[in-house]
Amino acid sequence: MGFLDIRNVTKSYGATEVLHRVDIEAEEGEFLVLVGPSGCGKSTLLNMIAGLEDITSGEIAIRGRVVNGVHPSRRNIAMVFQSYALYPNMTVAQNITFGLEMHGVPKPQRDAAMQEVAKLLQIEQLLGRKPGQLSGGQRQRVAMGRALVRKPDVFLFDEPLSNLDAKLRVDMRTEIKKLHHKLGTTIVYVTHDQIEAMTLSTRIAVMYDGHIQQLGTPREIYDRPANVFVATFMGSPAMNVLPARVAVQDGRPHAVLTDADGTEQMLAFSQDSLAAWEGREILLGIRPEAITDPDSADRKSSNIVRLANRVGVTEPAGSDTFATMTLGGRDATARMRADADVAPGQVCEFAVNMEKAVAFDPATEKRIPA
């Protein structure tokens with residue numbers, strides 16, 4: 001049993017089921033991120049944990065206590081909304097302590113708690129201001145302070161950074177991570193941004209169409225995606241997913257990639273178990289960073305395959321250069337070093353780290369176990 005247990009939970013609106021038998025256990029102190037595209041059910045699930053949405057079936061428990069039907073104010077949770085939801089006519093100090101006041105906490109205790117979180121979030125100088133006088137990042141800190149002051153069992157964040165500009169989003173991401181390290185609190189965080197999910201979480205639940213597609217650590221999700229959706233949703237640029245056929249040569253399974261002109265490229269797998277797929281079609285998954293210039297290839301890998309291919313498009317990106325080519329009749333992206341000698345139309349040599357390759361069943365789109 002976890003600190004937060006979501007057991008076989010469903011949500012329906014009339015005859016339409018939008019969440020399908022969701023099972024998640026989160027331990028105390030975990031940073032669980034619910035990530036997925038718009039409409040996948042992640043905010044609905046968060047609202048069910050908060051008590052803002054009814055549960056159609058299943059159970060949600062916090063600290064072993066089932067909270068189905070328990071009023072949000074009695075769940076000992078705190079929520080930070082996308083819109084911050086600050087009271088415009090109140091000062092920062094009043095916004096932070098309003099919830100404590102409603103729960104009858106004496107003023108000396110309210111003031112002490114406010115000063116503690118204001119110092120933690122470095123907003124002491126803002127306590128006398130009103131929300132209209134604050135920047136987006138400052139409002140975000142105040143919304144977090146209002147949640148922190150209550151010392152809840154679980155913090156719920158609903159896309160809290162989506163209204164901020166790109167630089168401030170990165171800065172606030174760092175602040176939230178520092179805060180989690182300091183406090184060791186249990187956090188459930190909703191986002192559609194897979195970079196946020198990867199950088200903040202201890203575990204990620206990838207959602208699509210009301211189903212949990214995969215639940216695991218950031219490294220598990222990235223290196224061993226459960227299916228094609230997870231493979232292509234998590235990571236930027238997305239994983240290359242290429243049609244291939246398995247052939248066994250000298251006792252070793254290879255992925256055979258055939259271009260539109262009939263040209264074949266053979267890439268040796270590291271997983272001998274794929275020999276069982278000899279003669280069958282698969283989808284080959286390779287991350288862009290596993291296709292690079294020979295000088296940048298992973299020196300620790302025991303399975304670097306070299307291939308020559310014509311570059312279609314290059315995209316300089318500061319620290320990297322991305323090169324697009326055709327593999328197996330589809331566009332594939334390679335991640336090269338910034339000063340790699342690569343240009344559109346040029347035939348270049350690439351190093352493919354096949355230790356990082358994964359294979360999917362094209363019928364089910366699920367990863368084939370190694």
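Looking for something open to solvent by less than 30 Å² (accessible area, probe 1.4 Å) and in a loop (DSSP other than H, G, I, E, B) - is there at least one such residue anywhere in segment 335-349? Yes, segment 335-349 has at least one match.
When 228, 170, 246 are checked against the criterion of being of a type outside the set (Asp, Glu), buried (at least 19 other Cβ atoms within 10 Å of the Cβ) and either farther than 26 Å from residue 11 by Cα or touching a helix residue (DSSP H, G or I) at 6+ places or on another chain (Cβ under 8 Å) (or both), 246 stands alone in meeting it. For residue 368, state whether it is in contact with a strand residue (DSSP E or B) (Cβ under 9 Å, 6 or more places away or on another chain) and surrounded by 20 or more Cβ atoms within 10 Å (Cβ to Cβ). Taking the combined requirement at face value, the residue does not satisfy it.
On inspection, residue 129 fails the criterion of being part of a helix (DSSP H, G or I) and modelled with pLDDT of 85 or more. I need every pair where a residue in segment 238-254 that is assigned to a loop (DSSP other than H, G, I, E, B) has its Cβ under 6 Å from the Cβ of a residue that is open to solvent by less than 20 Å² (accessible area, probe 1.4 Å) and of a type outside the set (S, T, N, Q), sequence separation at least 6 or different chains. From segment 238-254, the pairs are 239/231; 239/285; 239/287. Filtered by the rule that a residue be surrounded by fewer than 20 Cβ atoms within 10 Å (Cβ to Cβ), in contact with a strand residue (DSSP E or B) (Cβ under 7 Å, 6 or more places away or on another chain) and of a type in the set (Gly, Ala, Ser), segment 13-42 gives a lone residue, 29.
So, in segment 59-101, exactly how many residues are exposed (fewer than 14 other Cβ atoms within 10 Å of the Cβ) and of a type in the set (D, E, K, R)? Total satisfying the criteria: 4. All of 56, 44, 97 fail the test of being at pLDDT 95 or above, under 29 Å from residue 181 (Cα atoms), out of contact with any Gly (no Cβ under 7 Å at 6 or more places or on another chain) and polar (S, T, N, Q), apart from 44.
Does residue 283 satisfy being out of contact with any Pro (no Cβ under 9 Å at 6 or more places or on another chain) and in contact (Cβ under 8 Å) with a residue 40 or more places away in the chain? Give the derivation first.
On the way: out of contact with any Pro (no Cβ under 9 Å at 6 or more places or on another chain): no; in contact (Cβ under 8 Å) with a residue 40 or more places away in the chain: yes.
In short, no.
For segment 261-269, indicate whether the set of residues that are open to solvent by 50 Å² or more (accessible area, probe 1.4 Å), out of contact with any Pro (no Cβ under 8 Å at 6 or more places or on another chain), closer than 27 Å to residue 219 by Cβ and not polar (S, T, N, Q) is non-empty. The answer is no, given that none of the residues of segment 261-269 is open to solvent by 50 Å² or more (accessible area, probe 1.4 Å), out of contact with any Pro (no Cβ under 8 Å at 6 or more places or on another chain), closer than 27 Å to residue 219 by Cβ and not polar (S, T, N, Q).
Evaluating residue 104 against the criteria (1) small (Gly, Ala, Ser); (2) on the phi < 0 side of the Ramachandran plot; (3) open to solvent by 20 Å² or more (accessible area, probe 1.4 Å) leaves one unmet condition, (2). Only one entry in 276, 323, 363 is in contact with a strand residue (DSSP E or B) (Cβ under 6 Å, 6 or more places away or on another chain) and either small (Gly, Ala, Ser) or open to solvent by 50 Å² or more (accessible area, probe 1.4 Å) (or both), namely 323.
The values are calculated or read from the model by the stated rules, or taken from the named source; none is laboratory data. Not measured: the values here are computed from a predicted model. Counting neighbours? That spans all protein chains shown, and the Cβs are built from the backbone with ideal geometry, glycine included. For accessibility, only protein heavy atoms count, side chains too; no ligands or nucleic acids. Shrake-Rupley method; radii C 1.70, N 1.55, O 1.52, S 1.80 Å.
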